[in-house]
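Inspection log for the structure reproduced underneath, given as structure tokens.
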Amino acid sequence: MKKNLTTKILESHLIKSSLVPDSEISIRIDHTLLQDATGTMAMLEFIAMGLPRVKVDLAAQYIDHNLLQTDFKNADDHAFLTTAAMKFGVYLSRPGNGVSHQVHLERFGIPGITLLGADSHSTTAAGLSVLAIGAGGLDVALAMAGHPFNLPCPKVMGVKLTGRLPDWVSGKDVILEMLRRHTVKGGVGKVIEYYGQGVTTLSVTDRATIGNMGAELGATSSLFPSDDRTREFLESQGRGENWQPLAADEGAAYDEYDEIDLSTLEPLIACPSSPDNVVPVREVEGTKVDQVIVGSSVNSSYRDLMTVCRIVEGSHVAPGVHFHVNPGSRQVLENVAQDGGVLMLLMAGISIHQSGCLGCIGMGQAPGSDQVSLRTFPRNFPGRSGTKGDKVYLCSPETAAASGIYGVITDPRKLGENKPYPAVQNPAKYLLDDSSIIFPMADSSLVEIKTGPNIVPLPDFEALPETLDATVIIALGDNITTDHIMPAGNKVLPLRSNIPAISEHVFEQVDADFPARAMATGNGVVVAGENYGQGSSREHAAIAPRYLGIRAKIVKSFARIHKANLINFGILPLVFKNPADIALFKQGEQISILHVRRLVESGADEIPVMINGRTVLTLLDISRRQRQELLAGGTLNYVKQHQQ
């Protein structure tokens with residue numbers, strides 16, 4: 001039978017079960033990835049398992065999110081993560097060395113492996129033919145401990161690429177076209193696998209851009225073949241021995257199909273405030289721009305930054321425009337500097353920042369009130385920039401550079417009237433520097449883990465009760481993101497290792513009274529519409545509500561990672577059998593789920609919920625293993641019980 005590449009990699013890592021879409025499968029994980037905003041809690045969870053060392057081929061910890069040291073909290077977390085990584089045999093990328101996804105692509109990714117990352121944009125590794133999946137921190141901690149990763153078996157959408165991108169159009173426009181066609185829900189439960197002649201025209205970093213923003217489609221992962229372009233990139237990184245050719249069999253079948261003729265694409269832009277609100281740049285051309293940012297977790301490679309350098313060379317950003325560049329890694333910045341790009345940026349009036357996530361996660365670079373911010377970032381959810389009512393557009397580096405020069409949103413093809421397209425290629429040989437990576441020690445017995453006052457032990461959560469009586473604390477609409485539930489930004493992110501403190505910010509942008517109301521009520525329920533929990537993998541969007549007493553979330557549908565995180569921390573993920581029933585669930589209403597423990601234990605798929613004398617049927621679509629974890633009050637409780 002002819003197989004697609006996703007199936008080949010899954011089969012080679014399958015531990016039990018078979019590849020039946022939507023059934024639960026268990027796979028072996030080769031690499032794990034943590035960043036500091038998720039890693040503090042994940043490392044505490046790993047420590048709670050009592051193991052002396054990680055049990056995967058390679059575990060990496062990156063410090064790339066919480067970089068602003070406005071007080072002791074972030075610095076303390078960095079010391080904790082550094083010493084914990086040294087203690088347990090984890091590679092540690094120091095602050096300023098780069099964004100996890102870019103650095104892992106450069107220094108560690110290997111075609112054909114699996115990677116589990118506590119960051120939804122771990123899918124960037126698709127550019128190197130890595131099957132990379134985002135997950136909550138606890139799932140990654142379990143993988144570090146040698147446990148398999150369990151997930152619903154994904155369907156595979158095959159996207160055939162033909163043709164070649166025109167000048168002034170780049171990989172960003174490819175993924176924006178996918179979002180225009182399929183929306184933020186179009187990839188749920190799927191791996192997006194790209195194939196066809198057009199793939200060979202895309203560099204590894206172009207492919208990484210497309211893979212990164214596959215997360216915005218809601219996809220489990222994205223995947224590209226490993227070909228001569230992959231080999232070229234690995235050789236340029238001094239890692240040519242890691243290359244192997246990988247591809248789908250000729251004529252392989254896919255569950256769904258799409259096709260993009262790259263030659264027909266034009267510059268695209270995602271308008272406020274969703275990555276799928278995509279239109280051609282020419283339709284919004286002329287809109288005044290106040291801020292432009294290139295870089296962060298996507299479009300921060302050498303090719304992306306050097307393209308901006310060549311475009312702005314000999315020009316200056318327009319008056320009133322604040323233009324920022326966030327390199328994806330120290331390596332990127334060093335190579336851009338070596339080729340004269342830093343001077344080009346400075347002479348154009350552009351601010352160069354340290355390598356890190358920065359404004360993408362709301363860690364600085366917030367736009368002013370009513371200002372338009374043009375960014376090459378992957379997300380523009382409302383308020384994610386740090387400014388309430390923000391107007392954030394997502395675009396390619398070409399569009400960003402053109403708009404920065406003209407001061408209004410500009411189709412970059414206009415630049416072609418005065419200068420040729422730069423057509424920047426990645427270096428045949430990068431300037432390499434691993435001095436900011438701390439490699440695992442052979443003997444770490446003398447390492448002491450440093451913990452500051454903001455690093456608080458994990459709270460204990462009790463088991464699922466026999467009957468659940470609760471109150472609807474909040475009722476919400478569709479497409480609620482993890483940014484709505486657990487905001488990012490420089491005020492909240494430093495509290496990631498302190499659940500009692502960070503819980504005070506749950507739903508802060510939606511309903512500032514939610515934490516106090518939930519804590520005072522006791523058992524609580526959250527009600528919402530479609531695609532609840534889309535966006536970041538942050539498990540704090542489950543842990544913090546659980547700390548406040550939330551025992552169930554009843555919605556029309558869940559995003560994959562958030563649903564798994566809810567189970568990990570003992571929150572019932574229920575789905576309305578009849579979506580219209582959501583109208584009955586108003587804030588303050590009392591609900592009761594009789595014999596819920598018995599129902600979960602028996603394998604019941606339908607869970608009756610009593611409200612105002614009526615019975616509403618909800619669905620509990622989870623595996624037998626997940627039922628045991630819910631009964632125990634969460635996955636960590638379950639693991640501890642079975643280690644004894």
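Hey, any hits in the stretch 604-617 for a residue that's under 16 Å from Ala463 (Cβ atoms), modelled with pLDDT of 95 or more, touching a strand residue (DSSP E or B) at 6+ places or on another chain (Cβ under 9 Å) and not assigned by TED's automatic domain parsing to the domain that holds Ser17? Write out each step before concluding.
Let us first name the residues in the stretch 604-617 that are under 16 Å from Ala463 (Cβ atoms), namely none.
Scanning the stretch 604-617, I find no residue that is under 16 Å from Ala463 (Cβ atoms), modelled with pLDDT of 95 or more, touching a strand residue (DSSP E or B) at 6+ places or on another chain (Cβ under 9 Å) and not assigned by TED's automatic domain parsing to the domain that holds Ser17, so the answer is no.
Report the residue count in the stretch 354-397 for those that are over 17 Å from Ala208 (Cβ atoms), at pLDDT 95 or above and touching a helix residue (DSSP H, G or I) at 6+ places or on another chain (Cβ under 6 Å).
Residues flagged as over 17 Å from Ala208 (Cβ atoms), at pLDDT 95 or above and touching a helix residue (DSSP H, G or I) at 6+ places or on another chain (Cβ under 6 Å) within the stretch 354-397 amount to 1.
Of the residues that sit in the stretch 456-469 and are modelled with pLDDT of 90 or more and touching a helix residue (DSSP H, G or I) at 6+ places or on another chain (Cβ under 8 Å), which one is nearest to Met41 (Cα to Cα)?
Step one: list which residues in the stretch 456-469 are modelled with pLDDT of 90 or more, which gives 461-469.
Subsequent filtering for residues that are touching a helix residue (DSSP H, G or I) at 6+ places or on another chain (Cβ under 8 Å) retains 461, 463-468.
Values: Phe461: 15, Ala463: 21, Leu464: 23, Pro465: 26, Glu466: 29, Thr467: 30, Leu468: 28 Å.
Among those residues, the one meeting the criterion is Phe461.
Please find, among Gly163, Gly171, the residue that is at pLDDT 95 or above, within 28 Å of Leu265 (Cα to Cα) and touching a Lys or Arg at 6+ places or on another chain (Cβ under 9 Å). I'd like the intermediate steps shown before the answer.
Working: Gly163 fails: touching a Lys or Arg at 6+ places or on another chain (Cβ under 9 Å).
Only one candidate qualifies: Gly171.
Need pairs with beta-carbon distance below 6 Å; first residue within 13 Å of Leu234 (Cα to Cα) and within the stretch 425-436, second in a loop (DSSP other than H, G, I, E, B) and modelled with pLDDT under 95; sequence gap 6+ or separate chains.
If the second residue must be in a loop (DSSP other than H, G, I, E, B) and modelled with pLDDT under 95, no pairs are left.
List every residue pair whose Cβ atoms sit under 6 Å apart, with the two residues 6 or more apart in sequence or on different chains, where the first one lies in the stretch 220-243 and is in contact (Cβ under 8 Å) with a residue 24 or more places away in the chain and the second, anywhere, is part of a helix (DSSP H, G or I) and surrounded by fewer than 17 Cβ atoms within 10 Å (Cβ to Cβ).
Hits for this filter: Leu234/Gly240.
Only one of (1) farther than 13 Å from Met486 by Cβ; (2) in contact (Cβ under 8 Å) with a residue 12 or more places away in the chain is not met by Ala580, so which one is it?
The single condition Ala580 does not satisfy is (2).
In the stretch 1-94, which strands (runs of 3 or more DSSP E) lie fully inside it and hold 2 or more residues that are within 26 Å of Gln641 (Cα to Cα) and in the same structural domain as Ser120 (by TED's automatic domain parsing)?
On the way: elements: 14-16, 24-27, 31-35, 58-62, 91-93.
So the answer is 14-16, 24-27, 31-35.
In the stretch 222-243, what residues are of a type in the set (S, T, N, Q) and touching a strand residue (DSSP E or B) at 6+ places or on another chain (Cβ under 6 Å)? Quick ask: steps written out before the conclusion?
Of all residues in the stretch 222-243, those of a type in the set (S, T, N, Q) come to 222, 226, 230, 236-237, 242.
Correct list: Ser222, Ser226.
Of the residues in the stretch 281-335, how many are assigned to a helix (DSSP H, G or I), aliphatic (A, V, I, L, M) and farther than 20 Å from Ala423 by Cβ? Give the steps one after another, and end with the answer.
Just the residues of the stretch 281-335 that are assigned to a helix (DSSP H, G or I), to begin with: 281-284, 302-312, 330-335.
Filter once more, so that each one left must be aliphatic (A, V, I, L, M): 281, 284, 305-306, 308, 311-312, 332-333.
Right, trim to farther than 20 Å from Ala423 by Cβ and you get 284, 333.
So the count comes out to 2.
Counting just the residues of the stretch 425-476 that are among the polar types (S, T, N, Q) and over 29 Å from the mean Cα position of the chain (by Cα), which one comes out nearest to Phe514 (Cα to Cα)?
If we filter the stretch 425-476 for residues that are among the polar types (S, T, N, Q), which is where we start, we get 425-426, 435-436, 444-445, 451, 454, 467, 471.
From the residues that got through so far, the ones that are over 29 Å from the mean Cα position of the chain (by Cα) too are 444-445, 467, 471.
Details: Ser444: 44, Ser445: 45, Thr467: 24, Thr471: 12 Å.
That would be Thr471.
May I ask you to verify whether Glu504 is assigned by TED's automatic domain parsing to the domain that holds Leu572, farther than 30 Å from Phe46 by Cβ and surrounded by fewer than 19 Cβ atoms within 10 Å (Cβ to Cβ)? I'd like the intermediate steps shown before the answer.
Details: assigned by TED's automatic domain parsing to the domain that holds Leu572: yes; farther than 30 Å from Phe46 by Cβ: no; surrounded by fewer than 19 Cβ atoms within 10 Å (Cβ to Cβ): yes.
Against the criterion (assigned by TED's automatic domain parsing to the domain that holds Leu572, farther than 30 Å from Phe46 by Cβ and surrounded by fewer than 19 Cβ atoms within 10 Å (Cβ to Cβ)), Glu504 does not qualify.
Output the helices (runs of 4 or more DSSP H) that fall wholly within the stretch 446-544 and possess 3 or more residues being touching a strand residue (DSSP E or B) at 6+ places or on another chain (Cβ under 7 Å), or say none.
Numbers: elements: 482-485, 499-502, 514-521.
Where helices (runs of 4 or more DSSP H) fall fully within the stretch 446-544 and carry at least 3 residues being touching a strand residue (DSSP E or B) at 6+ places or on another chain (Cβ under 7 Å), they are 514-521.
Output the qualifying pairs, or none if there are none: Cβ atoms under 8 angstrom, residues six or more apart or on different chains, first residue in the stretch 362-381 and touching a residue at least 60 places away in the same chain (Cβ under 8 Å) and closer than 10 Å to Val292 by Cβ, second residue among the charged types (D, E, K, R) and in a loop (DSSP other than H, G, I, E, B).
Val372/Asp290; Ser373/Asp290; Ser373/Asp390
Name the single residue, out of those in the stretch 336-377 being assigned to a loop (DSSP other than H, G, I, E, B), among the aliphatic types (A, V, I, L, M) and in contact with a strand residue (DSSP E or B) (Cβ under 8 Å, 6 or more places away or on another chain), that is surrounded by the most Cβ atoms within 10 Å (Cβ to Cβ). Show your work before the answer.
The initial filter retains those residues of the stretch 336-377 that are assigned to a loop (DSSP other than H, G, I, E, B), namely 339-340, 348-350, 353-354, 356-357, 362-371, 376-377.
Narrowing the set further to residues that are among the aliphatic types (A, V, I, L, M) leaves 348, 350, 363, 366.
Going one step further and asking which of them are in contact with a strand residue (DSSP E or B) (Cβ under 8 Å, 6 or more places away or on another chain), we end up with 348, 350.
Details: Ala348: 20, Ile350: 23.
Here the residue is Ile350.
Mind listing just one residue for me: the one in the stretch 139-163 that is in contact with a Ser or Thr (Cβ under 6 Å, 6 or more places away or on another chain) and of a type outside the set (S, T, N, Q) and, of those, surrounded by the most Cβ atoms within 10 Å (Cβ to Cβ)?
Step one: of the stretch 139-163, the residues in contact with a Ser or Thr (Cβ under 6 Å, 6 or more places away or on another chain) are 140, 143-144, 148, 150, 153-154, 156, 163.
From what's left, of a type outside the set (S, T, N, Q): 140, 143-144, 148, 153-154, 156, 163.
Values: Val140: 33, Ala143: 29, Met144: 27, Pro148: 16, Cys153: 19, Pro154: 24, Val156: 26, Gly163: 15.
Filtering the stretch 139-163 for residues that are in contact with a Ser or Thr (Cβ under 6 Å, 6 or more places away or on another chain) and of a type outside the set (S, T, N, Q), the one surrounded by the most Cβ atoms within 10 Å (Cβ to Cβ) comes out as Val140.
Taking the conditions exactly as written (at negative phi, at pLDDT 95 or above and in the same structural domain as Ala337 (by TED's automatic domain parsing)), does Leu246 satisfy them or not?
Working: at negative phi: yes; at pLDDT 95 or above: yes; in the same structural domain as Ala337 (by TED's automatic domain parsing): no.
It is false that Leu246 is at negative phi, at pLDDT 95 or above and in the same structural domain as Ala337 (by TED's automatic domain parsing).
When residues of the stretch 48-75 are filtered for being surrounded by 18 or more Cβ atoms within 10 Å (Cβ to Cβ) and either small (Gly, Ala, Ser) or touching a helix residue (DSSP H, G or I) at 6+ places or on another chain (Cβ under 9 Å) (or both), how many remain?
Quick first cut of the stretch 48-75, residues surrounded by 18 or more Cβ atoms within 10 Å (Cβ to Cβ) only: 54, 56, 58-67, 73-74.
With either small (Gly, Ala, Ser) or touching a helix residue (DSSP H, G or I) at 6+ places or on another chain (Cβ under 9 Å) (or both) added as a condition, the list becomes 54, 56, 59-67, 73-74.
Residues flagged as surrounded by 18 or more Cβ atoms within 10 Å (Cβ to Cβ) and either small (Gly, Ala, Ser) or touching a helix residue (DSSP H, G or I) at 6+ places or on another chain (Cβ under 9 Å) (or both) within the stretch 48-75 amount to 13.
Keeping to the stretch 35-61, report how many residues are of a type outside the set (A, V, I, L, M, F, W, C) and in contact with a Leu (Cβ under 7 Å, 6 or more places away or on another chain).
Residues of the stretch 35-61 of a type outside the set (A, V, I, L, M, F, W, C): 35-36, 38-40, 45, 50, 52-53, 55, 57, 61.
With in contact with a Leu (Cβ under 7 Å, 6 or more places away or on another chain) added as a condition, the list becomes 36, 39-40, 45, 61.
Here the count works out to 5.
The values are calculated or read from the model by the stated rules, or taken from the named source; none is laboratory data. On a predicted model such as this, the values are computed, not experimentally measured, just so you know. Glycine gets a Cβ as well: all are built from the backbone with ideal geometry, and neighbour counts include every protein chain shown.
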